[in-house]
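The values are calculated or read from the model by the stated rules, or taken from the named source; none is laboratory data. Predicted model, so just to flag it, every value in this text is computed and none were measured. Positions of Cβ are backbone-derived with ideal geometry, glycine not excepted, and every protein chain shown enters the neighbour counts. Accessible surface areas use protein heavy atoms only, side chains included; no ligands, DNA or RNA. Shrake-Rupley method; radii C 1.70, N 1.55, O 1.52, S 1.80 Å.
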Amino acid sequence: MPERLRVLLLSTSYPLRPTSSSGIFVRRLADALGDLCDVTVLCPADDVCGPLDAGSRVKLVPFRYAPKRWQRLAQTPGGVLPAMRAQPVLLLLLPCFLAAFLAALLRRARRCDAIHANWALSGALAAVIWPVHRRPIVLTLRGDDVSMASRSSVHRLLLRVALHRASQVVCVAHSMAQNLRASFPVHSHKTRVILNGVDLVHSSEGRRSHRILFVGSLIPRKGADVLLRAFARLEPKVETLRLIGDGPERTRLVELARALAISDRVEFAGQVPPHEVAGHLAESEVFVLPSLSEGRPNVLLEAMAAGVAVVATEIDGVRETVADGVEAWLVPPGDPDALANALGDALARPEERLQRAKAARRRIDAQGWTWSAAARAYADVFTAAVFGQSPSRCA
């Protein structure tokens, strides 16, 4: 076996261009893993012309599944499912997408020591052809992988297939791991938690414009509509609400802002290159995360690292990252009145904003929530999967 393990990383979302942000957290993990393993990333191609951005530490292998202009099923805000909901015609591409993914996986799988499948769909595809490649599969569950299995028989089947062949199962939040163990107790012995990391930056304590910032895909579960309704309730009126991100909900949200008579104070900034997000955070007084459900939102860690005050919904992945009244303002999901009250309180109390922002940054430093730490834990899991050992560095 080579000194550096050869890892084939599978993902349905991965930033292929310098300006892409879809799956950026997978990219950052892959870059950090590149210091420890030989990483090849297998992901769907997109519909964009231009040079690929493989980065310096990974080999990037996008697979084609349709004529270029039709490759819009993946690499979009929210992933495959929101893309099909927004454009049902894309459902016709699903058989081609799955067949192309399997064919590309068959070509690459036997050249690696371990397969790292991100999300249940990738894990299920790797599991289906396991009798051919017989490589250990490390499955990472993200976002709604576990919660959707409780609401959809199709997602439960996907997850069941993926879990069956996985040598190790990684959840990105403790609450997700608890739910998975409760739903699939037979796989509890191989389920563990590795928290996502963040690239540490110097937090900004300079003058900030009076602005609320949202960063995320414009899809229903991100709760941007709740945020707009909360923003419309704020008194006194704040300068602007900036929404960074794009997605199938954008048109509806623009219409909602118009109906709420707040269009002149709401900026839909669209997608921005990932490296520019930190600058937008530094300009903002409050970062708001109104999500209805999440795994463990990485943008929350980025806001904490940037020293921005956080107002967020009290969902599992958030609750285990920041504490209400200590490092953030937390409110029930889907409640615009509670969100408006928390935003108003945060904006009215600059000293409290600064105190909670500093506490949040201290927590990141104390817990060691960095991508390098996450990569070391994953490398340990890959070694365990290949050599049949017990992982020792998992959070």
Review point. Once phi is turned into θ = phi - 60°, what whole-Hz ³J(HN,Hα) does the Karplus curve with 6.51, -1.76 and 1.60 give for every residue of region 76-91, x standing for Gly and Pro?
Key: 10, x, x, x, 5, 4, x, 5, 5, 5, 6, 9, x, 4, 5, 4
Exercise for review: Compute the accessible area per residue over region 27-160, keeping the other protein chains in place, probe 1.4 Å, unit Å².
Suggested key: 44 Å²
Check your understanding: Working out 0.36 nm times the residue gap between ALA99 and ARG349, then minus their Cα-Cα distance, what length gain in nm do you get to one decimal?
Key -> 84.5 nm
Practice item. For region 102-261, build the charge dipole from Cβ charges (+1 Lys, Arg; -1 Asp, Glu) around the Cα centre, then report which of ALA182, ALA120, ALA162 sits farthest towards its positive end. Key: ALA162
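Which value in deg cm²/dmol, rounded to the nearest 500, describes the helix-derived mean residue ellipticity at 222 nm for the chain, given -39,500 (n - 2.57) per DSSP H run of n ≥ 4 and division by the residue count? Write down the numbers at each step before the final one.
Working: 16 runs with 161 residues, N = 395.
After summing the helix terms and dividing by residue count, I get -12000 deg cm²/dmol.
If you place +1 on the Cβ of every Lys and Arg and -1 on the Cβ of every Asp and Glu, how big does the dipole about the Cα centre of region 1-123 come out, in debye to the nearest 20?
Values: 16 positive and 8 negative charges, 58 e Å.
That gives region 1-123 a dipole magnitude of about 280 debye.
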Practice item. Could you provide, to the nearest whole Å², the per residue accessible area of region 311-361 with probe 1.4 Å? Key: 40 Å²
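Can you give me the Kirkwood hydrodynamic radius for region 333-375, using every pair of distinct Cα atoms, in Å to one decimal?
Every distinct Cα pair counted, the radius reaches 12.5 Å.
Rounded to two decimals, what is Rg over Rh for region 21-156 when you use alpha-carbon atoms and the Kirkwood radius?
Working: Rg = 14.9 Å, Rh = 15.9 Å.
On the Cα set of region 21-156, Rg over Rh gives 0.94.
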Revision key, fill the gap. The percentage of the accessible area of region 262-307 (probe 1.4 Å, all protein chains present) made up of carbon and sulfur atoms, to the nearest whole number, is 52 percent
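Rank PHE25, PHE231 by accessible area, highest first, at a 1.4 Å probe radius?
On the way: PHE25 55, PHE231 0 Å².
If we order PHE25, PHE231 from most to least accessible, we get PHE25, PHE231.
May I ask you to list the trypsin sites (Lys or Arg not before Pro) in region 97-132 that are in a DSSP loop and have at most 15 other Cβ atoms within 10 Å of their Cβ? Don't skip to the answer; put the middle values down first.
Numbers: sites: ARG107, ARG108, ARG110, ARG111; in loops: ARG110, ARG111.
Taking region 97-132 and a limit of 15 other Cβ atoms within 10 Å, the loop trypsin sites (Lys or Arg not before Pro) found are ARG110, ARG111.
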Review point. Once phi is turned into θ = phi - 60°, what whole-Hz ³J(HN,Hα) does the Karplus curve with 6.51, -1.76 and 1.60 give for every residue of region 277-283, x standing for Gly and Pro?
Key: 4, 4, x, 5, 4, 5, 7
